[in-house]
Amino acid sequence: MGKGYMGKILMVDLTMGTLQEEAIPDDVYEKYLSGIGLAAYLLYNRIPADADPLGPDNILGFMSGLLTGTGSFFSGRWMVVGKSPLTGGWGDANCGGNFSPAIKRCGYDGIFFRGISEKPVYLHMRKGNVRIRDASHIWGRDTVEAEEFLTREHGQRSRIALIGPAGEKLSLISGISNDGGRMAARSGLGAVMGSKKLKAVVLDGAKRIPVHNRERIKKLSRKCNKWVQFQPPFLTGRLMPYLGALLRMLPIDIVMDGMLWKIIIRKWGTGGLNQAAIQWGVLSVKNWKGSHVDFDIKKSSNTNPDFIKDLETIKYHCYACPLGCGGICSMDGAYTETHKPELETTVAFGGLLLNEDVEAIFYINELLNRAGMDSLSAAGTVAFAMECYEKGLLTKGDTEGLELTWGNAKAVIELVRKMIGREGIGDLLADGSRKAAECIGGNSMEFAIQAGGQEPSMWDGRWDSGFALHYSVEPTPGRHSTGSDLWYGMFRLWKRVKGVPKFGLLRFKSSKYKTGEQRAAIGAASSKFLNVINGAGLCFFGSFLGADRMPTFDWINAATGWNRTPEEYMEIGERIQTLRQAFNIKHGIEPKDFKISDRAVGRPPLSAGANKGRTVDIDAMMEGYWAQFGWDAKTGKPGEECMKRLGIRAR
Ligand code: SF4
């Protein structure tokens, strides 16, 4: 066993009912880290090219990170991986909470499942005892009820990841939950778990996690914590939308220091930007065809961060996080307690649908968390259905009487219920907007806003073309947490890594829409860095502090004893990205088919708002990005030379 990692995985075959422990050689960790990197290495080699994502040959993995449990702050993210039934390619999703250290305390860096069980089961591990148990009694229960049931049965120390009814019903936009409804939502991997008839993974271990230099890690964490604890008192929620409006009107962009972001999310969570981001032009409105003009400060006033904060009764942190952006809110209604909705969920069920009813947003958030359905894909699909209704492609007859008019919160709640239960029109929409558009026909695919089948997050690529780029080029398309100019400014990579582009304090807004080498280099550096973050199991929000303030590279060196340079870690990030892309090529994906829908890049351009008149040259940007990795610039396929340089065998 090396240091920082456990050196083993567990492979569970649900068809055979067998368990097999496997040692992983040290050099695999040295080349791929753990987390997303180790998973990519294993699944690239083991999932056959023709595997049905919902069939027995697909492998579903639950991964911890290389730094999880070492004493490094922000290191509690866990990842679920597999072949995505939504995109047909590499799938991963990421979540906080307390599940990640539990994987390592059971003695593994990852737990994998292949095959299909005959009846519903769950995996239970406790102090070296591993059993596949009958889950018939909890099949059909929502994520919160089933987790409470399993906790009562196996004790408070148990850490549980599980699916709800959406995953059981094989919704292609379903995810996997832990900690009472926190979701690893993207890529449709809840359906993979459902297809395997695996309801839950219940872990309770006590193994010690080996670390090379624990004192050094503590010292680095203490230093990082000083940045986290700096918190000036002057920001108020009422100011935020006006700050957004001011930023929209300025001719230049202030390169955002992640400290400001940290201050906002420490105070309010991501919802601190609920109104500001719409006013600024950052987040999309009315199925990507509107702007702040359609959803002004008054219309979004119920989502003001101070209003949401007043509802917060418990503030919580993920494992090993000094920041704590999460919260439980209390409200009257069917669910008295619910997780504070994230910024993206609030805007997805707010501005994207022109819905002003914040109680409905809270209620839908809880419904989806309990069902185990991805809120971003669900909202994107509802927005698509509303536009179909507006254009007469769906009628009241099709919707069983629901009036899917913009802003009709009651109809949205009913539609979401139908999607979760796969009832009537809900069955058509439960697999996302692309699948629905294929059935509805006409010109509906034009307003199914998606990349490779996945609805993008709310971040608008017409405001920051980096979002449009990463939605389109990542092996898991449509994700906002994979890169943008905004994030790059906060990463401050140039403070630690030689040869990457450097930002000053101010930038002309037009620079965000330029193509060319600088643009491509920013995209490539972001992807490489975030693969290191996801290999280490670190939180994306922590990385906003900047590479000089959150000591990612130093933590890994202290945990493992490797003594590598930041540039060497960036090369590992490059290897992981290339391997994930190679996974997609092996599984028949044409990378250019992941390009995001035309509307989201300004074809045609908007006629009002911050992003009025803008069109992103997405084809040139994609080619530039692929060339940065040494992949074929026209096709996005990694060539032989590049694979050889990174030590990857073509399959
Ligand atoms: S910043 Fe938020 S999401 Fe990230 S680890 Fe901390 S509590 Fe979890």
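The values are calculated or read from the model by the stated rules, or taken from the named source; none is laboratory data. Being a predicted model, the structure only gives us computed values, none of them experimental. With ideal geometry, Cβ positions are generated from the backbone for all residues, glycine too; neighbour counts draw on all protein chains shown.
Details
- Selected residue (criterion: farthest from the ligand (Cβ to nearest atom)) from residues of the range 508-543 that are over 18 Å from Lys498 (Cα atoms), surrounded by fewer than 22 Cβ atoms within 10 Å (Cβ to Cβ) and among the hydrophobic types (A, V, I, L, M, F, W, C): Phe508
- Selection status of Glu423, within 29 Å of the chain's Cα centre (by Cα) and either of a type in the set (A, V, I, L, M, F, W, C) or in a helix (DSSP H, G or I) (or both): no
Conditions (1) basic (Lys, Arg); (2) within 30 Å of Gly609 (Cβ to Cβ); (3) in a helix (DSSP H, G or I), marked per residue:
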site	(1), (2), (3)
Gly188	no, no, yes
Met193	no, no, yes
Lys218	yes, no, yes
Gly244	no, yes, yes
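- Scanning the range 263-281 for residues that are under 21 Å from the mean Cα position of the chain (by Cα) and surrounded by fewer than 24 Cβ atoms within 10 Å (Cβ to Cβ) returns Ile264, Ile265, Arg266, Thr270.
- When Gly499, Gly546, Gly504 are checked against the criterion of being within 16 Å of the ligand (Cβ to nearest atom), surrounded by fewer than 24 Cβ atoms within 10 Å (Cβ to Cβ) and in a loop (DSSP other than H, G, I, E, B), Gly546 stands alone in meeting it.
- Residue selected from the range 239-262 under the condition within 16 Å of the ligand (Cβ to nearest atom) and surrounded by fewer than 19 Cβ atoms within 10 Å (Cβ to Cβ), by the criterion farthest from His292 (Cα to Cα): Met259
- Selection within the range 90-102 - assigned to a loop (DSSP other than H, G, I, E, B) and over 16 Å from the mean Cα position of the chain (by Cα): Asn98
- The condition (being surrounded by 24 or more Cβ atoms within 10 Å (Cβ to Cβ), within 19 Å of Asn355 (Cα to Cα) and touching a Gly at 6+ places or on another chain (Cβ under 8 Å)) is satisfied by just one residue among Val285, Val293: Val285.
- Only a single item in (1) outside any helix (DSSP H, G or I); (2) closer than 20 Å to Trp459 by Cα; (3) under 26 Å from the mean Cα position of the chain (by Cα); (4) not hydrophobic (A, V, I, L, M, F, W, C) is not met by Pro604, and it is number (3).
- Selection from the range 189-213 of residues that are closer than 16 Å to Ala559 by Cα and surrounded by 15 or more Cβ atoms within 10 Å (Cβ to Cβ): Ile209, Pro210, Val211, His212, Asn213
- Residues in the range 342-395 that are among the polar types (S, T, N, Q) and more than 18 Å from Ile278 (Cα to Cα): Asn365, Asn369, Ser375, Ser377, Thr381, Thr395.
- Test: Leu404 is assigned to a loop (DSSP other than H, G, I, E, B), within 25 Å of Asp296 (Cβ to Cβ) and more than 16 Å from the ligand (Cβ to nearest atom): yes
- Residue match in the range 31-41 (condition: without any contact (Cβ under 8 Å) to a residue 60 or more places away in the chain and assigned to a loop (DSSP other than H, G, I, E, B)): no
- Test result for Thr236, among the hydroxyl-bearing types (Ser, Thr, Tyr) and closer than 24 Å to Phe503 by Cβ: no
- Residue within the range 562-583 that is within 15 Å of the ligand (Cβ to nearest atom), of a type in the set (Ser, Thr, Tyr) and either on the phi < 0 side of the Ramachandran plot or touching a residue at least 12 places away in the same chain (Cβ under 8 Å) (or both) present: no
- Conditions (1) modelled with pLDDT of 95 or more; (2) among the hydrophobic types (A, V, I, L, M, F, W, C); (3) assigned to a loop (DSSP other than H, G, I, E, B): number failed by Ala558: (3)
- The residues of the range 507-543 that are part of a loop (DSSP other than H, G, I, E, B), out of contact with any Cys (no Cβ under 7 Å at 6 or more places or on another chain) and of a type in the set (A, V, I, L, M, F, W, C) amount to a single one, Leu538.
- The residue that is nearest to the ligand (Cβ to nearest atom), among those in the range 75-102 that are closer than 17 Å to Ser187 by Cα and small (Gly, Ala, Ser), is Gly96.
- Selected residue (only one of Ala627, Ala620, Ala633, Ala610 is at pLDDT below 95, over 26 Å from Asp50 (Cβ atoms) and not assigned by TED's automatic domain parsing to the domain that holds Asp57): Ala610
- Screening Asp294 against (1) in contact (Cβ under 8 Å) with a residue 40 or more places away in the chain; (2) under 25 Å from the mean Cα position of the chain (by Cα) leaves a single unmet condition, (2).
- Against the numbered list (1) within 29 Å of Gly269 (Cα to Cα); (2) assigned to a loop (DSSP other than H, G, I, E, B), Ile116 comes up short only at (1).
- Counted residues, the range 312-334 - those being surrounded by 17 or more Cβ atoms within 10 Å (Cβ to Cβ) and over 30 Å from Gly71 (Cβ atoms): 1
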